[in-house]
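First up is the structure itself, then whatever we jot down about it.
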Amino acid sequence: MAVAQGQLEEAARDYTEGLTVAKTLAASDPSNTEWQRDLSVSFNKLGDVAVAQGQLEEAARDYTEGLTVAKALAASDPSNTEWQRDLSVSYDRLGNVAVAQGQLEEAARDYTEGLTVAKTLAASDPSNTEWQRDLFVSYWKMAGLAERQKGTSEAYVYWRQAFNVLSDIDKRGLHLSPEDRNFLEILREKLGADPG
């Protein structure tokens, strides 16, 4: 709540306290997956605050710690979709920081890893709009990065995929938020007169 209200120092203090508790619990019982996940989430929350404060190196450290825990959880049970999604989100957060730091190759690696997980989740349940939206976001991020690195023609491939995901959600009558409808229109423009 403090982050949403712009009270970043208070949020950092609260999340640091939460991380201390999460570390203690996770260390006391490494087999307790709930506590391990709490640890990963705590690192990510601190990373979010660091990003909001413009402290990108600190954010990268926090996100890397969170990713390490998320990887271990996801590897321990590949069928646990919550942990798989956490993994995808962790990669995206690291990718965002890498982009902000101008480390585009690193961002490409992180986004590609996140996209791989997002594809798997989306394919496992095409009616899950959250996972479909995660897939759209992954393609959108890859498009933005490709445009910066290689130009519009490279980005076009990812824009097409992002369009296909949102368009499919819409065609199947699943919930598409007003924001996503706006993205659909933006993608139509980017893809030209015949989006597909």
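The values are calculated or read from the model by the stated rules, or taken from the named source; none is laboratory data. Only a predicted model underlies this, so the values are computations on that prediction, with no experimental measurement involved. Here the Cβ is made from the backbone with ideal geometry for all residues, glycine too, and neighbour counts use every protein chain on show.
Tabulated data for the structure shown
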{"quantity": "Subset of segment 169-196 (residues that are surrounded by 15 or more Cβ atoms within 10 Å (Cβ to Cβ) and of a type outside the set (A, V, I, L, M, F, W, C))", "calculated": "Asp180, Arg188, Lys190, Pro195"}
{"quantity": "Among the residues listed as Ala75, Ala70, Ala52, the single one being in contact (Cβ under 8 Å) with a residue 12 or more places away in the chain, under 24 Å from Gly114 (Cα atoms) and surrounded by fewer than 19 Cβ atoms within 10 Å (Cβ to Cβ)", "calculated": "Ala52"}
{"quantity": "Entirely in segment 82-187, the helices (runs of 4 or more DSSP H) that have 2 or more residues that are without any contact (Cβ under 8 Å) to a residue 12 or more places away in the chain and under 28 Å from Glu34 (Cα atoms)", "calculated": "104-124"}
{"quantity": "Qualifying residue in segment 122-138 (condition: hydrophobic (A, V, I, L, M, F, W, C), at pLDDT below 95 and surrounded by fewer than 19 Cβ atoms within 10 Å (Cβ to Cβ))", "calculated": "no"}
{"quantity": "Tally of residues being closer than 21 Å to Thr20 by Cβ and of a type outside the set (Gly, Ala, Ser) across segment 58-85", "calculated": "10"}
{"quantity": "Per-region count, segment 22-47, residues polar (S, T, N, Q), surrounded by fewer than 12 Cβ atoms within 10 Å (Cβ to Cβ) and assigned to a helix (DSSP H, G or I)", "calculated": "2"}
{"quantity": "Of the criteria (1) over 19 Å from Pro30 (Cβ atoms); (2) in a helix (DSSP H, G or I), which one Val69 fails", "calculated": "(1)"}
